[in-house]
Structures are given as C-alpha cells and as structure tokens.
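Student: Sharing a structure here in structure tokens format.
The values are calculated or read from the model by the stated rules, or taken from the named source; none is laboratory data. This structure is a prediction, so every number in the text was calculated from the model and none was measured. Quick reminder, even Gly has a Cβ in these numbers, built from the backbone with ideal geometry, and neighbours come from all protein chains shown.
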C-alpha cells in the first residue's frame, strides 16, 4: 500500500511536469492541472481514511517532530500557491493576455513544482507501511 501511494504521487508529479512544459497545449495543460490540484486537495482525506493518524500523531507524539511540521507547512505553502495559480490561470483563460500575468503564472508554476517535490519527499520520509492485516 505504501509503495502504491508513493508511486501515485510520483506519477502525478511527472504528469504535472509534462503539463508545465506543454502549457501552450491548453486542452492538455488545464485538465491535467485541475486533476492534479483536485487530487492533492483530496489526498489528505484518503490518508486519514486509510491510516491511524490519531495514534501516530498524538499517542506516539509524532506531532511534536520537526519532520511533521515541515511537511505540514510545505502543504500549506503548496495550497496557497495553488490558489494564486488558479487566480492567474483564470485571468488568462478569460482572455487577459497581459505578459505580466503570463510571467507570474509561469513563476508560480515553477514554485509549485519545487514545493510539491519537497512535499512528496517529506511525505515519503514520514510514511509508514500499513501493518499486516490492515487494508
């Protein structure tokens, strides 16, 4: 299960990189980015439903570790970047073809790629395999 989760986020990261480099193909770029952002917003729900977070964070006191807080802050940064990226992308799709907006959108995209890479790395470092018998 752990390998599948890590494989999924790495695969979606590769897809995100492809969508970034093929941004001029809007029929590819926009749906892929919407899918990945939606997936990232829903991923914590999946993890809560499939992992015993209460025991891990509070009983085992992992909530006090540096790694958990770094991962959490990176997630917050990623979601904020997603929000401003959606705003800039929406303006571009409405037809505001200002070069400044396009540059901001690209710079935010690079930031998202960087922050998401660190989210994936810290998440993989924090991940624990499921115990035998759990599904």
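Student: Can you give me the number of residues within the stretch 18-28 that are surrounded by 14 or more Cβ atoms within 10 Å (Cβ to Cβ) and modelled with pLDDT under 95?
Tutor: Counting residues in the stretch 18-28 that are surrounded by 14 or more Cβ atoms within 10 Å (Cβ to Cβ) and modelled with pLDDT under 95 gives 1.
Student: Residues in the stretch 84-96 that are in a helix (DSSP H, G or I) and either in contact with a strand residue (DSSP E or B) (Cβ under 9 Å, 6 or more places away or on another chain) or surrounded by 12 or more Cβ atoms within 10 Å (Cβ to Cβ) (or both): how many?
Tutor: Within the stretch 84-96, residues that are in a helix (DSSP H, G or I) and either in contact with a strand residue (DSSP E or B) (Cβ under 9 Å, 6 or more places away or on another chain) or surrounded by 12 or more Cβ atoms within 10 Å (Cβ to Cβ) (or both) number 8.
Student: While we're here: Test residue 114 against the stated conditions and say whether it is in contact (Cβ under 8 Å) with a residue 40 or more places away in the chain and either exposed (fewer than 11 other Cβ atoms within 10 Å of the Cβ) or under 21 Å from residue 8 (Cβ atoms) (or both).
Tutor: Taking the combined requirement at face value, the residue does not satisfy it.
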